[in-house]
Amino acid sequence: MKRRVLVVDDNEINRAILIEMLRGEYNITEAEDGEEALEILKNEGKKISAVLLDIIMPKLDGFEVLRCMQGDPQLERIPVLVTTGSAESDSEVKALSLGASDFITKPYNTEVLKHRLWNLIHLRESADKIEASRIDELTGLYNRKSFLEEAAKMVAKKEAGYYVMSCFDIESFKIINDQYGTKTGDEVLKYIADTINRAIVSFGGVCCRVASDNFAMLYPCSFIGSKELEKNHRDTTTPPGIDHPIVVRIGRYIVNDLSLSVNAMYDRASMAEMSIRGRYDKHIAQYDETMRESLIREQQIVNEMYDALKDGQFEPWFQPQYNHASGALIGAEILVRWRRPNTGLLVPPNDFIPVFERNGFIYEMDKYIWESACLLIRKWIVEGNEPIPVSVNISRVDLFREDFFETITGFVKKYDVPVDLLRLEITESAFANSAKKLISVVNELIEYGFTVEIDDFGSGYSSLNILKDVPATVLKLDMKLLESSHDSKRAGSILESVVRMAKWLGMSVIAEGVETLDQADYLKSIGCYNIQG
């Protein structure tokens, strides 16, 4: 494909000579003065490979054109070959000082002109390729490799503790792509990149896009706690094009060990960020040594999870639900336990479930449990036993899977299970973000016939908007509301009010985590008869 060259000269004959010399090898655009040249460059600069520029022109001379080009980041990259008379050495020096790449004197030698022009274009294109290899194409930020190079230069200039390495991650970015499309997702990434870059660079820092929705930054410690940083954090959570705030996680490592490579500094910031993924109560974490140990344990879990699923190491355990007034068994919740075959020991759920939620494997494990529940209900029916409703957990990750509805209904159909016997528990914290999307999924489940339960109400998030907006039929109260309160009377009043309110809304209530008879009797006294524990 022919390159495009802009020829700028107020003399029509000079322009014609240059055009004739170059016509066979280049596409030519011409301008008769500096003003017209700048207008063309402003509108079509990305298409122009080089400029042939005369110096002496009316309106706007070549020197002013060069000054304007050097003041524009998009135009200063275009090589300029200045055309001069043989006795204009002062003009040549001035032009070169203003950013001209080279010059050629009149009368023009065709071969010299072509070679100089091609050399300039080739050098610029080679430089652009080198620069492009350092830049993320979508956002214009440094890529990881070039960021680490720039960060190393910066750290080498200062003492330990002067800089902070940060990792920045968008929570559940795939959901944004799925819900709004990849075009909007790309616009969100570009907005966030521009927002953080302006702030970080203004404080003498540097940032990059590591991959997908992950960014990294190195900046002075003085930036922490500044109003600019707080505003920057707020701005990144409200990108245009989507109708709800996004959740971002930031991990920080204060550079206090100059013997570390910048890659290791980045790893420590990344560990801090990973330590709070999936949490809705914490958005910023600072690295400490315990995180490394935690990450090693987490990696061991990740290494074993697929074999564990294949080998049936995940066991469904049942926690019964009773009516404390009648003593009747009214249902059960299936809890998952992981038994390691080599030791027979159980892996604590808090060790592996958060990991699976972060890496998406929770969906694979949940599908296994859902199918196990349906298989068991079918077995009860075939054996002539009276089946009881079985509750299974549905994670936030599950709800955003495109095939979730088809999967859960597929198990019900496959094992011919009455839909009211498979109850779906969704934790209240799942609705902390993207509530509109999740509510639409819940509505679809209810229309199909499922009983939807709000789980862990009172464990942390506890918004009345959930009771108002989510059309669930069962509310599961977490006894932690009483345990964590220093004022048991006040907590008890709140619990009683929630029970009463749920009943007004036509919801049945189950208290989970009930461990003593005193707790069960107390719950009965405030009108909550259904207990689990």
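Okay, here's what the table says:
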| read-out | value |
| --- | --- |
| The stretch 296-532: relative contact order as a whole-number percent, Cα under 8 Å and 6+ apart | 16 |
| Order by protection proxy (mean Cβ within 10 Å, highest first), peptides 201-214, 255-268 | 201-214, 255-268 |
| Cross-link partners of LYS158 among lysines (Cα-Cα below 25 Å; sequence separation of 8 or more within a chain) | LYS145, LYS227 |
| DSSP beta bridge pairing in the chain, given as percent antiparallel to the nearest 5 | 45 |
| Rounded to 10°, Cα long-axis angle of helix 488-504 versus longest principal axis of the chain | 90 |
| From the coordinates shown, Cα extents along the principal axes in Å corresponds to which of [x] 110, 52, 48; [y] 128, 75, 55; [z] 64, 57, 46 | [x] |
| Only Lys, Arg (+1) and Asp, Glu (-1) charged, at Cβ; the stretch 144-287 dipole about Cα centre in debye | 220 |
| Charge context of ARG23, other residues only, Cβ under 14 angstrom, K/R +1, D/E -1 | +2 |
| Of all DSSP beta bridges in the stretch 99-239, antiparallel share, percent nearest 5 | 95 |
| Dipole axis of the chain (+1 Lys, Arg; -1 Asp, Glu on Cβ), positive-most option in SER372, ASN11, SER395 | SER372 |
| Burial ranking of peptide ranges 55-61, 362-368, 162-168, 286-292 (average Cβ count within 10 Å, highest at the top) | 162-168, 362-368, 55-61, 286-292 |
| The chain: angle of helix 289-310 to the longest principal axis, Cα-based, in degrees nearest 10 | 70 |
| Neighbour net charge for ARG297 - beta-carbon separation under 12 angstrom, K R +1, D E -1 | -3 |
| Mean projected area in nm² (Cα convex hull; one quarter of hull surface) for the stretch 144-287 | 8.0 |
| On Cα atoms only, tilt of 435-448 relative to the major axis of the chain in degrees | 40 |
| Over the stretch 3-132, relative contact order from alpha-carbon pairs under 8 Å, at least 6 apart, % | 21 |
| Ranked by how many other beta carbons lie within 10 Å on average, peptides 24-37, 406-419, 299-312 from highest | 24-37, 406-419, 299-312 |
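Every number in this text was worked out from the coordinates using simple rules, so none of it is lab data. The structure presented is a predicted model; accordingly, all values stated were derived computationally and were not measured. Glycine gets a Cβ as well: all are built from the backbone with ideal geometry, and neighbour counts include every protein chain shown.
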